[in-house]
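K.L.:
Got a structure for you, written out below as structure tokens; questions coming shortly.
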Amino acid sequence: MIKTLSFITMLSLICLCSPDAVTATTWKPITELKKTPTQLEMLEKLPSGATLDWLFKMSRRGKESSHRQPLNLNEAYDEMSNFGGYVNLLTQDVVLDFDPETGFIDETLSITLEVNEDDTDKIPLSFPDHFEISEIKNDKGDAQEWSKSANTLIMYMEPPAKKGDILQFTMKASGTVICSNQGIKPCSFGGNYAYVTHADYYLQGSPIVLDMFQGSLQVSVPTGKQVVATGRLEEAVYGEENNSFRFVHDYETIYYSFAVADYQVSEELFEGIPIRVHTRQKDVQHHTEVLDVTRNILEFYTTEFSDFPFDDLDLVQMDKDFGGGYGPQSTVFMYSGTFDMDQEGWGGWGGSASRVQLISHEIAHQWWGNLVNMLEVNSVILSEGLAEFSSAFHWEKEYESRSNFISNGMNYIYTVPAEDDVPIGSAMVTQSYMYNTLAYDKASVVFDMLQHELGDDVFRNGMNEYVATFGYSAANLDSFFETMSAVSGVDLTTFKTQWVDGIGYPRILARSTQAKSDDGGWLLQISLDQVGEQVFTVHLPIQVTHMEDQRKEIIDTIVMDSKTTSATYRFDEPILRASVDPDRIYLHRIQSQDQGDPNLSGVADGSDLIDMAIMMHRNIVFGYGDSNYFYPNASYNSRFDLNQDGSINEDDIDLLIEGNETVGPNED
Ligand SMILES: [Zn+2]
């Protein structure tokens, strides 16, 4: 089995979900704007690719819950999300011809808007600078007055529109998509696969309002090609020269995305919901494996979070240089290797673990990012962090390994320089060059620490409530933590302050001593000291290994909320080893104060070298439960690998004990 997910994320290659566009210049946070002349002027002058800082300053908190609402234009629009701004974009129907060879798009856009303010004489919308608009008509079929500057399209209303007015426009435009490569390639053409994923070829609410809308996407391509897209396939027409595919988006979304290739499809039902895998012919033999993995993941998330939130799920193969995965609503796009890798394979990009982990991360986005959209730019961990958490959580439970969480935590601790660390709950995280390590890796561990502190059942109840409250709408970090706090009855202020709004992690010096007690038993004392300015609150499990039968046992959880903590435990028999946080739930660095005895066994011996090798991340195969998991690790040192199985672990310690019998408690 292989551990590659965090390896991939370290290379900034993985899985942009819908809100991942924060890494691209197309990001627009959801905003509640007050209409003032100053802001309108700013809107009109907004440069293409406005900086995130500026956008963030403009953002406001605003939420209006919406409910699952199939598209029905004859019904009132008041069930749809309205996060403010001048207008609320209600529906958008896109009909486009796409040339997979050149990337040229010729399209007609029909949109419906609700006006949010009285006296609205200008409506700003976002549309790419490099697309040419040939005409815009209003709902009466008259020419609409408009102007365009950079990525902002302004429509002029005469007379001004009133709050609550519903307006319709139809627009014709054309242009060639621009595929700048930022981790995940947003589009590609001219090869075996052509696609537009991070699409901005349609209208978005405004330069600063990330609006949710319903509608349809119709894509025409030359005969012989298939189109797979977000939304539900309603109609496919195979013609002499063109094939045309129409996808209906029954649920509010912020993105339409599509891919074009000579796809072959397999479908099965999961609890009545069609799940499909689309690959090129060469990988059709892998469809069953991918569907098996998908079903297992869906069963897990359905149990932990909620029913699958959409009406179908398409897993779509992309080119090998796609860069990872991307999970907009009801669809998962993944690089080709995800589908053709050897189920039992080892190494790099070619293993089953990375297949499972990539698919589970992307499918998790159907909940985190699509079902619950993120409301603000500083809430990106509610998409990426929760998706990565869900993937690592699935891996832990289904494959009995915490390796995903552990390596994610190590990535953060060992690769983010203190001076470059930024809070994962701030907008700065999206601009950091350590974005993936912070928003994915650290955040996944933070959610796992929260699960540890609340307990599995309470945490699950909290997640269920979070989905019930914010599903088919959007949430921010306060929404999340207020929900978890309300459900658990636990004040999470300190937790959020230190892990989400703060930076760093505790550095803990640990010491253990063992001595015979007056009554003939053994007393184990564990002392913990936090060094550094900030004192963290952590709930550290304490595990002992019994001398007699090597049995491991969690004996306590020490809640450490001060500089110094110590605890004493009595045993009938001597203890071989004591370990603080043996499953590495917390972000921390623990060092032993027992000189030469980092594993706190009471004596300094060869087992300390092995334990230290483990602590220093020197193994290349991480053992957990009955399974081993590969770590790409250049610092592996075979001298500590006594049984030479590629893994430095407690088997080596056991070998050492059998051979030398030098490990044991102090006898005095
Ligand atoms: Zn993601």
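The values are calculated or read from the model by the stated rules, or taken from the named source; none is laboratory data. Worth saying up front: this structure is predicted, and the values here are computed from it rather than measured. Positions of Cβ are generated from backbone atoms using ideal geometry, with glycine treated the same way; all protein chains shown enter the neighbour counts.
K.L.:
All but one of (1) surrounded by fewer than 21 Cβ atoms within 10 Å (Cβ to Cβ); (2) within 23 Å of residue 557 (Cα to Cα) hold for residue 501; which doesn't?
P.N.:
All conditions pass for residue 501, except number (2).
K.L.:
May I pose another question? Quick one: in the stretch 381-396, of everything that is within 11 Å of the ligand (Cβ to nearest atom) and of a type in the set (Asp, Glu), which residue is farthest from the chain's Cα centre (by Cα)?
P.N.:
So, considering only residues that are within 11 Å of the ligand (Cβ to nearest atom) and of a type in the set (Asp, Glu), the one farthest from the chain's Cα centre (by Cα) is 388.
K.L.:
Does residue 444 satisfy the condition of being under 20 Å from residue 365 (Cα atoms) and of a type in the set (Gly, Ala, Ser)?
P.N.:
Yes; evaluated as a whole, the condition is true for this residue.
For every residue, the table says whether it meets (1) closer than 30 Å to residue 191 by Cβ; (2) outside any loop (DSSP other than H, G, I, E, B); (3) not assigned by TED's automatic domain parsing to the domain that holds residue 254.
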position: 82; (1), (2), (3): no, no, no
position: 92; (1), (2), (3): yes, yes, no
position: 107; (1), (2), (3): yes, yes, no
position: 117; (1), (2), (3): no, no, no
position: 130; (1), (2), (3): yes, no, no
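K.L.:
Can you find, within the stretch 139-175, the residue that is surrounded by the fewest Cβ atoms within 10 Å (Cβ to Cβ) among those that are small (Gly, Ala, Ser) and farther than 15 Å from residue 114 by Cα?
P.N.:
141
K.L.:
Within the stretch 526-537, does at least one residue satisfy the condition of being within 18 Å of residue 507 (Cα to Cα), exposed (fewer than 15 other Cβ atoms within 10 Å of the Cβ), touching a residue at least 12 places away in the same chain (Cβ under 8 Å) and touching a strand residue (DSSP E or B) at 6+ places or on another chain (Cβ under 8 Å)?
P.N.:
Yes, that holds for at least one residue.
K.L.:
Determine whether residue 288 is hydroxyl-bearing (Ser, Thr, Tyr), within 27 Å of residue 473 (Cβ to Cβ) and away from the ligand (no atom under 16 Å from the Cβ).
P.N.:
no
K.L.:
Please state which of the following conditions residue 409 fails to meet, knowing it meets all the rest: (1) modelled with pLDDT of 90 or more; (2) crowded, with 19+ Cβ neighbours inside 10 Å.
P.N.:
Going through (1) modelled with pLDDT of 90 or more; (2) crowded, with 19+ Cβ neighbours inside 10 Å one by one, residue 409 breaks only (1).
K.L.:
Condition test on residue 194, is it surrounded by 22 or more Cβ atoms within 10 Å (Cβ to Cβ) and among the small types (Gly, Ala, Ser)?
P.N.:
Yes.
K.L.:
Could you give me the residue pairs with C-beta distances under 9 Å whose first residue belongs to the stretch 361-389 and is assigned to a strand (DSSP E or B), whose second residue is charged (D, E, K, R) and more than 8 Å from the ligand (Cβ to nearest atom) wherever it lies, and which are 6+ apart or on separate chains?
P.N.:
Correct list of pairs: 373/252.
K.L.:
Determine whether the stretch 412-424 contains at least one residue that is over 27 Å from residue 256 (Cβ atoms), at pLDDT 95 or above and in a helix (DSSP H, G or I).
P.N.:
No, the stretch 412-424 contains no residue that is over 27 Å from residue 256 (Cβ atoms), at pLDDT 95 or above and in a helix (DSSP H, G or I).
K.L.:
Next question, about the same structure. The conditions are (1) assigned to a helix (DSSP H, G or I); (2) more than 16 Å from the ligand (Cβ to nearest atom), and residue 433 fails exactly one of them. Which is it?
P.N.:
All conditions are met except number (1).
K.L.:
Here's a follow-up. Taking the stretch 467-482 only, how many residues are under 16 Å from residue 376 (Cβ atoms) and part of a helix (DSSP H, G or I)?
P.N.:
7
K.L.:
For the stretch 278-293, indicate whether the set of residues that are assigned to a strand (DSSP E or B) and of a type in the set (Val, Ile, Thr) is non-empty.
P.N.:
Within the stretch 278-293, one or more residues are assigned to a strand (DSSP E or B) and of a type in the set (Val, Ile, Thr).
K.L.:
Could I ask something else about it? Could you grab me the full set of residues in the stretch 149-165 that are closer than 16 Å to residue 88 by Cα and of a type in the set (A, V, I, L, M, F, W, C)?
P.N.:
Residues satisfying the conditions are 153, 154, 155, 157, 161.
K.L.:
Applying the selection to the stretch 132-161, what residues are more than 21 Å from residue 177 (Cβ to Cβ) and in contact (Cβ under 8 Å) with a residue 60 or more places away in the chain?
P.N.:
154
K.L.:
Any residue in the stretch 92-99 that is of a type outside the set (Phe, Trp, Tyr), touching a Phe, Trp or Tyr at 6+ places or on another chain (Cβ under 7 Å) and at pLDDT 90 or above?
P.N.:
yes
K.L.:
From (1) out of contact with any strand residue (DSSP E or B) (no Cβ under 7 Å at 6 or more places or on another chain); (2) modelled with pLDDT of 95 or more, pick out the condition that doesn't hold for residue 331.
P.N.:
(1)
K.L.:
Right, something else. When residue 300 is evaluated against the numbered criteria (1) modelled with pLDDT of 95 or more; (2) surrounded by 16 or more Cβ atoms within 10 Å (Cβ to Cβ); (3) assigned by TED's automatic domain parsing to the domain that holds residue 213, which criterion, by number, is the only one it fails?
P.N.:
(3)
K.L.:
Can you find a residue in the stretch 474-488 that is closer than 30 Å to residue 578 by Cβ, among the small types (Gly, Ala, Ser) and more than 22 Å from the chain's Cα centre (by Cα)?
P.N.:
Checked the stretch 474-488: at least one residue is closer than 30 Å to residue 578 by Cβ, among the small types (Gly, Ala, Ser) and more than 22 Å from the chain's Cα centre (by Cα).
K.L.:
Right, here's the next one. Please go through the stretch 436-483 and give me each residue that is β-branched (Val, Ile, Thr), over 29 Å from residue 415 (Cα atoms) and either within 16 Å of the ligand (Cβ to nearest atom) or in contact (Cβ under 8 Å) with a residue 40 or more places away in the chain (or both), ordered by number.
P.N.:
Within the stretch 436-483, 467, 469 meet the criteria.
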